[in-house]
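The values are calculated or read from the model by the stated rules, or taken from the named source; none is laboratory data. This is a predicted model, so every value here is computed, not measured. With ideal geometry, Cβ positions are generated from the backbone for all residues, glycine too; neighbour counts draw on all protein chains shown.
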């Protein structure tokens with residue numbers, strides 16, 4: 001029993017030493033080695049390789065809708081001329097998706113590639129979420145559908161593509177999201193487009209799937225479904241900055 | 001067995017992009033308290 005207890009203390013101390021060493025950055029190279037040689041290959045092995053073409057079309061459709069809204073509002077004249085879905089001065093870093101779980105994505109790029117906390121993750125112009133954790137060779141992205149995630153969003157009418165409401169988007173897990181704090185008098189309906197402002201530019205997030213409102217309530221809530229099935233994503237882009 | 005738990009914690013951290021050792025610490029604290037409980041309540 002005494003021997004077992006001393007073993008517990010030994011491993012606890014060892015864990016603490018490893019934790020502190022990692023926290024202070026002494027284990028960067030060791031961690032990088034294991035992530036490169038073990039974590040990335042294992043995660044890639046278990047990741048489904050099916051490429052879903054529908055995803056691209058869905059993203060493109062949402063993107064075009066947002067682009068249309070942008071054009072209508074006559075915000076960026078140069079974007080009108082070029083027809084570019086994203087601002088030309090944005091810089092992106094392509095990263096390989098090596099795994100996903102519980103509304104998170106693990107990507108094969110980290111501190112070494114210059115990935116920083118809070119960077120926006122984008123796929124075909126659709127805003128997915130932000131970088132939550134960064135290690136040497138891998139990083140974790142918290143999707144907007146993650147239960148801990150919240151984001152200020154705008155809702156654009158499905159036909160007019162004009163701003164109809166604003167609200168706070170909360171993740172509910174399993175690709176589901178909910179917008180709260182939509183004022184009762186604001187007209188929101190199924191199919192409306194949800195966009196989030198990233199670096200001053202509106203990026204599509206998803207579409208309204210349903211609106212909940214009881215007479216007498218101050219606020220409405222609306223369900224939002226993420227249109228991108230992250231399970232089949234192969235490469236996504238991280239917004240690293242502007243030129 | 002304990003070494004297995006230790007490795008498991010480290011592996012979990014590596015795969016979940018956590019600070020290394022964090023899960024091992026949690027595992028050992030749980031084992032430690034279970035030990036105390038087992039001693040006091042004679043499971």
Practice problem: Among the numbered conditions (1) at pLDDT 90 or above; (2) within 10 Å of chain A (Cβ to nearest Cβ); (3) assigned to a helix (DSSP H, G or I), tell me where residue B:20 comes up short. | Solution: (3)
Quiz item: Identify, please: which residue in region A:15-25 is more than 27 Å from the chain's Cα centre (by Cα) and surrounded by fewer than 13 Cβ atoms within 10 Å (Cβ to Cβ) and is, among those, modelled with the highest pLDDT?
Solution: A:17
Exercise. Name every residue in region A:193-205 that is on the phi > 0 side of the Ramachandran plot and touching a residue at least 40 places away in the same chain (Cβ under 8 Å), in order of residue number.
Key: A:199
Practice problem: Among what's in region A:131-145 and is more than 10 Å from residue A:95 (Cβ to Cβ) and within 14 Å of chain B (Cβ to nearest Cβ), pick the residue that is surrounded by the most Cβ atoms within 10 Å (Cβ to Cβ). | Solution: A:135
Quiz prompt | Filter result for residue A:183 (over 30 Å from residue A:31 (Cα atoms) and surrounded by 16 or more Cβ atoms within 10 Å (Cβ to Cβ)) | solution = no
